[in-house]
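A.B. asks: Got a structure for you, written out below as structure tokens; questions coming shortly.
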Amino acid sequence: MINSDALGHLEKAIELDPHHLDARLALADLYRRENLFDEAKSILSKTIAGDVNVPTAHFALAEIYIDEGQEEQAIKHLLEASAGDIADSASRFRLAELLAAKGQIKAAADQLENVISLDHLNGEAHFHLATFLEHPDDFDRAKLLLEISIDLLPRDPRPCFHLAQLVDKGEKSDLEGNIFRESDYSSAKFHYKQTLRLSPTHGPANLRLGVMLEEEGDITSAIDCYNKAAKVKGIAGDAHLCLARLARAENDNVKAEEFLTLAAREPKVKGKSLLERAEVFIKEGKANVAKIDLIEALSTFQKDENSFRKDSDSAADNANFIRARNRLDKADNARLSQSPVLFHLAKIEAMNGCNEKAIQLLVEAVAKSPGFVPARYELALLLDNNDQAMEAISHYEAVVQSEWAHSRSHFRLGEIALAEKDLRKAEMHFLIVTDLEPSNAKANDYLAQIAAKKLKNQT
């Protein structure tokens, strides 16, 4: 129920002074809090009509349109507000939040610059501005802003965590604009630990610290970190995936399957978890069960790829080209992840005697990830065994281009060359095989045969 006394006082104030801005804004806010949006918009629209350069009215009207889900109208008034001169830092900070929520990151960052100029001790503004500076050119500035926000917000774990992420990633650019990575591992580890001192249950910090500890060989401490992260919504899937991989390394398929089932519930790692669970099933001889997981994993990766490409396009439309590139990288990774899924599906089809279907799946796998050697080699084998030697040769050659030490491809290329009486080429491939596997008896036999033939040709 609207406060009649407040309503009466505000209407009286506006009657006495039709240009009383504060009264109009207060009346609009009163209507808004009572969900009387039309009345609130009417007051604000009349205010703007009387003076189009009233940024606070544009700002208040934009918030109402956001409440109503009218994004285009909201953005229009937000841009009008951002072009005005809002003198208080609180309004500009809210404006930055709303712009950021609409993907207008550059405009939001500009507003936070103004907040900081108006309020040098605003730790939130320093922190959020740092998170908006995603370009490698801004590495040093983002680092400084986070260090300032740590001083201004000493009990807040967010600045510590973001600083840890920043120096962990270490993505910078040089004077020529070239992007490179220079991770400060020790500093990152220190700030992850600082984050956990402030917030012992911080999921992402526990997860990343766990990975670091695992890489250092401290598996017990890593598992402790993963178990803590597994209790945090949004990061639990990643933690369960890490625990599953440790279980797989110990050949504990029961635990691995249990953790992967939990991980597969989280959308962010669903595709990876289903793929790895399928690999466990394949190892246990459960091909039919694995196939169900693989089909779902493939669909998940395809949806992820489409979603990231859409996000990339949206970021590019808002001139946030670094975010667009990052989303595009994620889309490419989702596409590459489809290749091992298709590879396993092909292996199952081949096992069931469906070679044509297997070849079709492997061709698709190679198209998704040309450098994925297992799919390329399996395709070469199937083509070779189905009397498609010329096509097989091209794939064997592609395998050794991607992975020079792939001895089986060199061996088969040597056999093909020998059958075609190309002794020089055959000898080259078999020599590579014996360099990689000195005790390979068949390769050594072939080299002996080639040596004898060369000697016979000379005589």
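The values are calculated or read from the model by the stated rules, or taken from the named source; none is laboratory data. Predicted model only: the values in this text are computed from it and were never measured. Cβ: placed from backbone, ideal geometry, glycine included. Neighbour counts: every protein chain shown.
A.B. asks: Among the residues of region 179-192, is any more than 23 Å from the chain's Cα centre (by Cα), part of a helix (DSSP H, G or I), closer than 27 Å to residue 123 by Cβ and not hydroxyl-bearing (Ser, Thr, Tyr)?
C.D. replies: yes
A.B. asks: Run down 251, 306 and say which single residue is exposed (fewer than 14 other Cβ atoms within 10 Å of the Cβ) and not in a helix (DSSP H, G or I). Lay out the reasoning, then the answer.
C.D. replies: Values: 306 fails: not in a helix (DSSP H, G or I).
Exactly one residue qualifies, and that residue is 251.
A.B. asks: Here's another thing I want to ask about it. Given 454, 421, 442, which one is modelled with pLDDT under 95, touching a helix residue (DSSP H, G or I) at 6+ places or on another chain (Cβ under 8 Å) and surrounded by fewer than 15 Cβ atoms within 10 Å (Cβ to Cβ)?
C.D. replies: 454
A.B. asks: Quick check: anything in region 313-325 in contact (Cβ under 8 Å) with a residue 40 or more places away in the chain, buried (at least 16 other Cβ atoms within 10 Å of the Cβ), closer than 30 Å to residue 104 by Cβ and of a type in the set (Lys, Arg)?
C.D. replies: yes
Yes/no per residue for (1) touching a strand residue (DSSP E or B) at 6+ places or on another chain (Cβ under 7 Å); (2) surrounded by fewer than 19 Cβ atoms within 10 Å (Cβ to Cβ); (3) outside the structural domain of residue 307 (by TED's automatic domain parsing):
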position	(1), (2), (3)
204	no, yes, yes
217	no, yes, yes
233	no, yes, yes
239	no, no, yes
263	no, no, yes
277	no, no, no
282	no, no, no
288	no, yes, no
293	no, no, no
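A.B. asks: Determine if region 358-378 includes at least one residue that is farther than 26 Å from residue 283 by Cβ and either of a type in the set (D, E, K, R) or buried (at least 19 other Cβ atoms within 10 Å of the Cβ) (or both).
C.D. replies: For region 358-378, residues farther than 26 Å from residue 283 by Cβ and either of a type in the set (D, E, K, R) or buried (at least 19 other Cβ atoms within 10 Å of the Cβ) (or both): absent.
A.B. asks: Could you pull out the residue among 327, 335, 376 that is farther than 30 Å from residue 99 by Cα, assigned to a helix (DSSP H, G or I), under 22 Å from the mean Cα position of the chain (by Cα) and of a type in the set (D, E, K, R)? Steps first, answer last, please.
C.D. replies: Numbers: 327 fails: farther than 30 Å from residue 99 by Cα; 376 fails: under 22 Å from the mean Cα position of the chain (by Cα).
The match here is 335.
A.B. asks: Residue 205 - would you say it is within 30 Å of residue 223 (Cβ to Cβ), in a helix (DSSP H, G or I), in contact (Cβ under 8 Å) with a residue 40 or more places away in the chain and in contact with a Leu (Cβ under 6 Å, 6 or more places away or on another chain)?
C.D. replies: Details: within 30 Å of residue 223 (Cβ to Cβ): yes; in a helix (DSSP H, G or I): yes; in contact (Cβ under 8 Å) with a residue 40 or more places away in the chain: yes; in contact with a Leu (Cβ under 6 Å, 6 or more places away or on another chain): yes.
Judged against the criteria, residue 205 is a match.
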